[in-house]
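*Asks:* Dropping a structure here in structure tokens format, bear with me for questions.
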Amino acid sequence: MQHRELAQFERYLTQRRYSANTIRTYVNALRIFSEYLGTTPLSEVRNEDVELFNTRYILKNGYSASYQNQAINSIKLYYKWFHNDSLDISIIERPIEGFKLPVVLS
């Protein structure tokens, strides 16, 4: 991804008053996604590319469900506002939350 597009996305998030941590996380996740794509233009990204990124990068490297959710949110937000015709963001799903059993004191 070109530096200009990342800067544009960062400006958009800032204008929408996202927190500094969210901006940093979203921009970084989008940069990593762009690096994963290599030479594929952002305007040609398909839903399968996002699914492969999820499987071959996020899950393979053992990132948490929280990071996976943030990365997917970042990609969906970017495509919703900047390339809304190239990706069907409505069918990209976020991971389910892990369920922990309650601690029972005896």
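The values are calculated or read from the model by the stated rules, or taken from the named source; none is laboratory data. Model, not experiment: these values are computed from the prediction. Cβ placement follows ideal geometry from the backbone for every residue including glycine, while neighbour counts extend to all protein chains displayed. Note: areas computed on protein heavy atoms with side chains; ligands, DNA, RNA excluded. Shrake-Rupley method; radii C 1.70, N 1.55, O 1.52, S 1.80 Å.
*Asks:* Hey, could you check region 19-42 for residues that are among the hydroxyl-bearing types (S, T, Y) and farther than 15 Å from W81 by Cα and say which is surrounded by the fewest Cβ atoms within 10 Å (Cβ to Cβ)?
*Replies:* The qualifying residue surrounded by the fewest Cβ atoms within 10 Å (Cβ to Cβ) is T39.
*Asks:* On to the next question. What number of residues in region 38-48 are over 15 Å from Y78 (Cα atoms) and part of a helix (DSSP H, G or I)?
*Replies:* 1
*Asks:* Report yes if N28 is of a type outside the set (D, E, K, R) and assigned to a helix (DSSP H, G or I), otherwise no.
*Replies:* Against the criterion (of a type outside the set (D, E, K, R) and assigned to a helix (DSSP H, G or I)), N28 qualifies.
*Asks:* Determine the pairs where a residue that is over 14 Å from L77 (Cα atoms), located within region 16-34, has a partner that is part of a helix (DSSP H, G or I) and open to solvent by less than 70 Å² (accessible area, probe 1.4 Å) with Cβ atoms under 9 Å apart, the partner being 6 or more residues away or on another chain.
*Replies:* These pairs meet every condition: I32/F53; I32/Y57; I32/A71; S34/E5; S34/L6; S34/L42.
*Asks:* When you look at E48, is it among the charged types (D, E, K, R) and in contact with a helix residue (DSSP H, G or I) (Cβ under 9 Å, 6 or more places away or on another chain), yes or no?
*Replies:* It is false that E48 is among the charged types (D, E, K, R) and in contact with a helix residue (DSSP H, G or I) (Cβ under 9 Å, 6 or more places away or on another chain).
*Asks:* Given the structure, is R11 out of contact with any His (no Cβ under 8 Å at 6 or more places or on another chain), among the basic types (K, R) and farther than 14 Å from W81 by Cα?
*Replies:* Answer is no for this residue.
*Asks:* Residues V45, V50: which one is of a type in the set (A, V, I, L, M, F, W, C), touching a His at 6+ places or on another chain (Cβ under 8 Å) and crowded, with 16+ Cβ neighbours inside 10 Å?
*Replies:* Going through V45, V50 in turn, the sole match is V45.
*Asks:* Taking E5, is it open to solvent by less than 60 Å² (accessible area, probe 1.4 Å), at pLDDT below 90 and in a helix (DSSP H, G or I)?
*Replies:* yes
*Asks:* For L13, work out the one condition from (1) in a helix (DSSP H, G or I); (2) open to solvent by 30 Å² or more (accessible area, probe 1.4 Å); (3) farther than 30 Å from K100 by Cα it doesn't fulfil.
*Replies:* (2)
*Asks:* Hey, any hits in region 91-104 for a residue that's in a helix (DSSP H, G or I) and either surrounded by 10 or more Cβ atoms within 10 Å (Cβ to Cβ) or at pLDDT 90 or above (or both)?
*Replies:* No, region 91-104 contains no residue that is in a helix (DSSP H, G or I) and either surrounded by 10 or more Cβ atoms within 10 Å (Cβ to Cβ) or at pLDDT 90 or above (or both).
*Asks:* Which of (1) surrounded by fewer than 14 Cβ atoms within 10 Å (Cβ to Cβ); (2) at pLDDT below 85 does K60 not meet, given it meets every other one?
*Replies:* Among (1) surrounded by fewer than 14 Cβ atoms within 10 Å (Cβ to Cβ); (2) at pLDDT below 85, the lone unmet condition for K60 is (2).
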